[in-house]
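The values are calculated or read from the model by the stated rules, or taken from the named source; none is laboratory data. Treat the numbers as computed from the prediction; the structure is a model and nothing was measured. No Cβ is skipped: glycine too gets one built from the backbone with ideal geometry, and neighbour counts run over all protein chains shown. Calculation scope for accessible area: heavy atoms of the full protein, side chains included, ligands and nucleic acids excluded. Shrake-Rupley method; radii C 1.70, N 1.55, O 1.52, S 1.80 Å.
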Amino acid sequence: MKTLTRKIARTAITLILVLLAFVAIFRAWVYYTESPWTRDARFSADVVAIAPDVSGLIERVDVRDNQLIKKDQVLFTIDQPRYQKAVEEAEADVAYYNALASEKRREAGRRNQLGIQAMSREEIDQANNVLQTVLHQLAKAEATRDLAKLDLERTVIRAPADGWVTNLNVYSGEFITRGSTAVALVKQNSFYIQAYMEETKLEGVRPGYRAEITPLGSNKVLKGTVDSMAAGVTNASSSNDANGMATVDSNLEWVRLAQRVPVRIRLDQQQANLWPAGTTATVVITGARDRDIQQMTFFQKLALRLREFG
């Protein structure tokens, strides 16, 4: 009798353990397939493409690639002597037209004072018109001078913000054209996560929800908050032909791939340049409260293990 009782107890315990394991695996699988998470996430940052506003030979480069720099720090300098000469030429034109305007102003003043009793109306009007023409030429010369000074000022390329210089591909003695990108600046303290969530999981994503970010190849978990969700994505299955008619790609009814939607996540703490912009991460949207995170920790860990093997 005792032996039978032991067998029944062992069988019951085994069944209970199997049932509990099944429930745990089932809930982990549900979390894995239905909870809002993605492995398709990227560290991103605000990047400024720095291009000169003037053309010329590069005199010197004052920074090195991947250097952390401060706002207004000099990056490189372009052919200043040429633009300095342009300023001097423009200032000479301004001085010339200033002198000419003074002369024509005195002449017009004399003729207006003498009046039509000493000369014809035509001569008086002609003097006034010449004065106005010279004043317009002076204004144009002053604008040209100001533009030359602006060009001279912009021969010194400065950093628009604090950040890291990256992909520096300019060298002293090289000729650079106006508008050509010379270097990229990754702004400091501007890092965020761009997570591409499947459309089937968007119900669990709302602005203000908490998120856990695990960089690829790291066990460190970063915290963040959902900032916003893209309002739309491109429809790759539809386009217009040459006649303006809609062109829709054929689709297999039994194969439907979920569209991915960009979700922007704000990091609680900036991680400097530890994970550069463009590197990969796994994102799990855990909910709006820290209590939700604690309740779901076991299933999150189990789901992450499944993802590692899957």
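Figures for the structure shown
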{"read-out": "Odd one out for Ala258 among (1) assigned to a helix (DSSP H, G or I); (2) modelled with pLDDT under 90; (3) touching a helix residue (DSSP H, G or I) at 6+ places or on another chain (Cβ under 7 Å)", "value": "(1)"}
{"read-out": "Test: residue in the range 183-203 that is touching a residue at least 24 places away in the same chain (Cβ under 8 Å), assigned to a loop (DSSP other than H, G, I, E, B), of a type outside the set (Gly, Ala, Ser) and over 30 Å from Val74 (Cβ atoms)", "value": "no"}
{"read-out": "Neighbours by Cβ (under 8 Å, 6+ apart or cross-chain): first from the range 241-259, closer than 27 Å to Ala195 by Cα; second open to solvent by 100 Å² or more (accessible area, probe 1.4 Å) and at pLDDT below 75", "value": "none"}
{"read-out": "Residues satisfying the stated conditions in the range 171-195, i.e. surrounded by fewer than 19 Cβ atoms within 10 Å (Cβ to Cβ) and of a type in the set (Val, Ile, Thr)", "value": "Thr177, Thr181"}
{"read-out": "Within the range 213-235, tally of residues that are in a strand (DSSP E or B), touching a Pro at 6+ places or on another chain (Cβ under 8 Å) and of a type in the set (A, V, I, L, M, F, W, C)", "value": "3"}
{"read-out": "Those residues of the range 157-170 which are open to solvent by less than 60 Å² (accessible area, probe 1.4 Å) and charged (D, E, K, R), in sequence order", "value": "Asp162"}
